[in-house]
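The values are calculated or read from the model by the stated rules, or taken from the named source; none is laboratory data. Because the structure is a prediction, the values reported are computed rather than measured. Counting neighbours? That spans all protein chains shown, and the Cβs are built from the backbone with ideal geometry, glycine included. Surface accessibility is based on the protein's heavy atoms, side chains included, excluding ligands, DNA and RNA. Shrake-Rupley method; radii C 1.70, N 1.55, O 1.52, S 1.80 Å.
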Amino acid sequence: MRVLATIAEIRSVCEEARRVGGAVGFVPTMGYFHAGHRSLMEIARRDNDLVVVSHFVNPTQFGPNEDLGAYPRDLERDTSIATAAGVDVMFMPTVAEMYPGGTPHTTVHVADLTEGMCGATRPTHFDGVTTVVAKLFSIIGPCRAYFGRKDFQQLAVVRRMTADLDLPIEVVGCPLVREADGLARSSRNAYLTPAERAAAPQLYAALSGAVALIREGERRAGALVDSIIASVADAPALTLEYVEIRAGDSLVPIDPVRGSFVVALAAKVGRARLIDNVVVGIDGDQVSVDTGVVDAGSDGPSVVVNP
Ligand code: PAF
């Protein structure tokens, strides 16, 4: 695997791949890889000739009191995970390479979808994400880009940006990856103390409880949200930031629940801010649920878990 730091170098590698008819697959990341990143890389490897991973802790998507300075880093481990996943090139620019003039004068803003959920407490976050993703799309020119469904709102926002700007890129949503006890994989899990780590799976347990109520016939969004709030209250180490139920594509709040929708939450656990969700489909009496996959260890296959 090659590690490249300049825009000129990565551009030229991607241009050459396209010139000979190769499909470029792109996985944007902020590093500190876990099984979720690994699965994005493996999916990209399966479908493309050249796989590019960006490794850039993007300062513009962090708010003033967030964890930019403390964001976990382990380049040696990241390099070996990406190499094992078959990545061809890791693009690792400096902040000065990406933002030579400091804070960019041009930003990309996606309206509506960025309101509420994570946008409520992180008002500048999604502009930072869409601006850096638009830049990376322009630099790399992939035909496909891979994003995890854990960041459900981010995925919807990037999809909308790509469609609105007519970018010729297929945005591929990939399964959320969980640890064996249900905790969603996140680089920020590294912040958890042993006691916080022990409490954190209650977030998924609360979502699973709401899914059980849906399967029993509950359709009132308020009742489902209340059940999650009550369940998370059982773990005092967790402080819920939001629980929201929104339509799958438009992210419009829905009540009663119907069609395809996401039940999403964010919570503070010590220093960490964790997010999680389940995607539910209701079609008549049929209820389908996508809770993601659980990884069976660093080399093992992934299996689907449904509550
Ligand atoms: O999901 C992330 O890791 C980041 O938001 C992304 C998409 C790499 C942009 O910096």
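Which of the residues that make up segment 87-110 are closer than 15 Å to residue 60 by Cβ, open to solvent by less than 50 Å² (accessible area, probe 1.4 Å) and not β-branched (Val, Ile, Thr)?
Result: 93, 98, 99, 102, 104.
Could you list, in sequence order, the residues of segment 212-233 that are farther than 16 Å from residue 183 by Cα, open to solvent by less than 30 Å² (accessible area, probe 1.4 Å) and in contact (Cβ under 8 Å) with a residue 24 or more places away in the chain?
214, 221, 224
Among (1) in a strand (DSSP E or B); (2) over 22 Å from residue 115 (Cβ atoms); (3) open to solvent by 40 Å² or more (accessible area, probe 1.4 Å), where does residue 236 come up short?
(1)
Among the residues of segment 259-307, what is the count of those that are assigned to a strand (DSSP E or B) and either buried (at least 19 other Cβ atoms within 10 Å of the Cβ) or modelled with pLDDT of 95 or more (or both)?
So the first thing to find is which residues in segment 259-307 are assigned to a strand (DSSP E or B), and the list is 259-269, 272-283, 286-290, 293-295, 302-304.
After this cut, where a residue has to be either buried (at least 19 other Cβ atoms within 10 Å of the Cβ) or modelled with pLDDT of 95 or more (or both) as well, the list is 259-269, 272-283, 286-290, 293-295.
Of the residues in segment 259-307, 31 are assigned to a strand (DSSP E or B) and either buried (at least 19 other Cβ atoms within 10 Å of the Cβ) or modelled with pLDDT of 95 or more (or both).
Just a yes or no: is a residue in segment 144-151 of a type in the set (Phe, Trp, Tyr), buried (at least 17 other Cβ atoms within 10 Å of the Cβ), within 13 Å of the ligand (Cβ to nearest atom) and touching a residue at least 60 places away in the same chain (Cβ under 8 Å)? Even if it seems obvious, please write down each step before you answer.
Narrowing segment 144-151 to residues of a type in the set (Phe, Trp, Tyr): 146-147.
Of the ones still in play, those that are also buried (at least 17 other Cβ atoms within 10 Å of the Cβ) are 146-147.
Still in the running and within 13 Å of the ligand (Cβ to nearest atom): 146-147.
Cutting the leftovers down to touching a residue at least 60 places away in the same chain (Cβ under 8 Å) gives us 146-147.
Within segment 144-151, one or more residues are of a type in the set (Phe, Trp, Tyr), buried (at least 17 other Cβ atoms within 10 Å of the Cβ), within 13 Å of the ligand (Cβ to nearest atom) and touching a residue at least 60 places away in the same chain (Cβ under 8 Å).
With (1) open to solvent by 30 Å² or more (accessible area, probe 1.4 Å); (2) more than 10 Å from the ligand (Cβ to nearest atom); (3) of a type outside the set (Asp, Glu) as the list, and residue 134 as the residue in question, which single condition is left unmet?
Only one criterion is unmet by residue 134, namely (1).
Quick check on segment 180-200: of everything there that is open to solvent by 40 Å² or more (accessible area, probe 1.4 Å) and not in a helix (DSSP H, G or I), which residue is farthest from residue 239 (Cα to Cα)?
Only one residue fits best here, namely 180.
One line per residue, one yes/no per condition, for (1) within 12 Å of the ligand (Cβ to nearest atom); (2) within 21 Å of the chain's Cα centre (by Cα):
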{"site": "52", "(1), (2)": "no, yes"}
{"site": "61", "(1), (2)": "yes, yes"}
{"site": "88", "(1), (2)": "no, no"}
{"site": "92", "(1), (2)": "no, yes"}
{"site": "97", "(1), (2)": "no, no"}
{"site": "101", "(1), (2)": "no, no"}
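Give me the residue from segment 111-130 that is part of a loop (DSSP other than H, G, I, E, B) and open to solvent by less than 10 Å² (accessible area, probe 1.4 Å) and, out of that set, nearest to residue 23 (Cα to Cα). Give the derivation first.
Here is the first cut: in segment 111-130, the residues part of a loop (DSSP other than H, G, I, E, B) are 111-117, 122-124.
The next check asks that each one be open to solvent by less than 10 Å² (accessible area, probe 1.4 Å); those that pass are 113, 117.
Details: 113: 30, 117: 34 Å.
The residue in question is 113.
Quick one: in segment 63-86, which of the residues that are small (Gly, Ala, Ser) and surrounded by 19 or more Cβ atoms within 10 Å (Cβ to Cβ) is nearest to the ligand (Cβ to nearest atom)?
Keep residues of segment 63-86 that are small (Gly, Ala, Ser), which gives 63, 69-70, 80, 82, 84-86.
Keeping just the survivors that are surrounded by 19 or more Cβ atoms within 10 Å (Cβ to Cβ) gives 82, 85.
Details: 82: 14, 85: 16 Å.
Filtering first and then ranking leaves 82.
Pairs please, first residue from segment 46-66 and under 18 Å from residue 85 (Cα atoms) and among the hydroxyl-bearing types (Ser, Thr, Tyr), second anywhere and open to solvent by less than 40 Å² (accessible area, probe 1.4 Å) and outside any loop (DSSP other than H, G, I, E, B), Cβ atoms under 6 Å, 6+ apart in sequence or on different chains.
So the pair list comes out as 54/28; 54/91; 54/136.
Can you go through 30, 1 and tell me which one is open to solvent by 20 Å² or more (accessible area, probe 1.4 Å), in contact with a strand residue (DSSP E or B) (Cβ under 8 Å, 6 or more places away or on another chain) and within 10 Å of the ligand (Cβ to nearest atom)? Can you show your working first?
Working: 1 fails: within 10 Å of the ligand (Cβ to nearest atom).
The unique qualifying residue is 30.
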